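Each value in this text was obtained by applying a stated rule to the coordinates, not by laboratory testing. Quantities reported herein were computed from a predicted structural model and do not represent experimental measurements. Here Cβ is always computed from backbone atoms with ideal geometry, including for glycine, and neighbour counts include all displayed protein chains.
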Amino acid sequence: MADSKGFTPDPPIRSRDFRIGCIGAGMIMAECHLAAYKEAGFPVAAIASRTRANAGRVAERWGIPKVHDTPEALIADPEIEILDIAYPPDQQPDLIRLALREPHIKGILAQKPLSLTLGEAIAIRDEAKAAGKVLSVNQNMRYDQSMRVLNEILDRGEIGDPVFAQIDMHAIPHWQTFLEDYDRLTLANMSVHHLDVLRFLFGDPDEIYTTSRTDPRTAFKHTDGITVSTLRFPSGVLALSLEDVWHGPRDDRYDDDQHINWRVDGTEGVAKGTIGWPTGVASTLTYASTKTTGGKWVTPTWDSMWFPQAFIGVMEQLQHAVKSGDEPALTVADNVKTVALIEAGYRSMAENRPVRLSEIET
């Protein structure tokens, strides 16, 4: 719906026709996907997870009529038309490949990261194309309300040509236990939101330079705890993506101030705001333009939030793509470019230099 200033922080629902089968019963599925689908009226037909008991509890909470013993059994269920995966990334590719072979499955929503390696992401992209299936990737920060309105402001040229952009995160994520087995942490699992949304706003960068250090709080072995990436875009935009997952001590003696801020400076104005995820509130945006606001700060408002309402837009774009035959807004081909950007960031960390995206074959 549009706000009072003509922006559209949340997209309209054009399609809600296809039965969804959900794989995964963790926080992101139970608190975000299913809450969004209930609000939007998307039909969820079945759920499965690594344990039937967990899937059963989530099914009871959200009124899902069928619980399968295994993800494989759910994929084989002929009632399922759209497969929604929220599963560890090392196990996701095999599930996608099973679904690509099932004629009753018309669309697949994969979780990010699509895979842990660029090579496998490319292979999945190509296999989905060969199968004629609609495969989309859940880059849900593109549906954060402040990012959608910012994109509209940029498209209108209200702040002129973008000059500098930054996303500045000081927040403590809950690292899932399966990440302990991987050699990649923050860049692949947290920065992926920010790097992808920078691509959404400004296109594909020419180069990335990433540096990192370990996070004192994260006890398992890792390299990329706190990460800082700078990106250069063909338009001249210079962007900074900072993920400080330490953010100071966490105990009763410390007054917590977790936050994610963002800012875009342009030749005709500035837009800035916050991402509400760390504190469970709505994201915000305010902007001033010499072209359209007389240089005064204007603050559009909305009631919806990134978690869970952004997940409505993610599923809606897939539902609509399946119904209309159009490409989804979040294509797997586009997501491979985000995976390539992450790969370039890890190469930059390893070699301590800027890496041009032309060095990464896709």
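Based on other C-beta atoms within 10 Å, arrange Trp277, Trp297, Trp306 from fewest to most. Let's see the in-between values first.
Details: Trp277 21, Trp297 12, Trp306 24.
Going from least to most buried by this count: Trp297, Trp277, Trp306.
Relative contact order, percent, of the chain when contacts are C-alpha pairs under 8 Å separated by at least 6 residues? Working shown, then result.
Working: 767 pairs, mean separation 72.9, N = 362.
Once normalised by length, the contact order is 20 percent.
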message: Please report, in whole Å³, the volume per residue of the convex hull around the C-alpha atoms of the stretch 250-300.
response: 84 Å³
task: At 0.36 nm per residue, minus the direct Cα-Cα distance, what do Thr117 and Asp204 gain on full extension? Give it in nm, one decimal, please.
output: 29.4 nm
field: Distance in nm between pseudo-label sites at Thr223 and Met27 (7 Å out along the Cβ direction from Cα)
entry: 2.6 nm
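With each run of n ≥ 4 DSSP H residues scored as -39500 (n - 2.57), what mean residue ellipticity at 222 nm is computed for the chain after dividing by its residue count and rounding to the nearest 500 deg cm²/dmol? Before the final figure, lay out the partial values.
Details: 10 runs with 110 residues, N = 362.
For the chain, the value works out to -9000 deg cm²/dmol.
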- request: Find the centroid of the Cα atoms in the stretch 20-81 and in the stretch 205-240, then give the distance between the two in whole Å.
  value: 35 Å
- request: For the stretch 294-362 and the stretch 129-159, write down the distance between their C-alpha centroids in whole Å.
  value: 6 Å
- request: Over every pair of different alpha-carbon atoms in the chain, take the mean of 1/r and invert it; report that Kirkwood radius in Å.
  value: 21.1 Å
- prompt: For the stretch 112-232, what relative contact order do you get, as a whole percent, if you take Cα pairs closer than 8 Å and at least 6 residues apart?
  reply: 24 percent
Packing-based ranking, highest mean first, of 91-101, 209-219 given that Cβ atoms within 10 Å are counted: 91-101, 209-219
Local net charge near Gly63, Cβ-Cβ under 15 Å (Lys/Arg +1, Asp/Glu -1): +3
message: I need Cys22, Cys32 ordered by Cβ neighbour count within 10 Å, fewest first.
response: Cys32, Cys22
task: Measure of size requested: the Rg and Dmax of the stretch 269-362, with Cα atoms as the atom set and Å as the unit; please supply both.
output: 18.8, 47
field: Three-way shape label, the stretch 6-72, alpha-carbon gyration tensor, a/c 1.5
entry: prolate
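What full-extension length gain, to one decimal in nm, is calculated for Lys296 and Thr70 as 0.36 nm per residue of separation minus the Cα-Cα distance?
75.7 nm
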- line: For the stretch 1-153, using Cα atoms only, the Rg and Dmax in Å read 16.1, 49
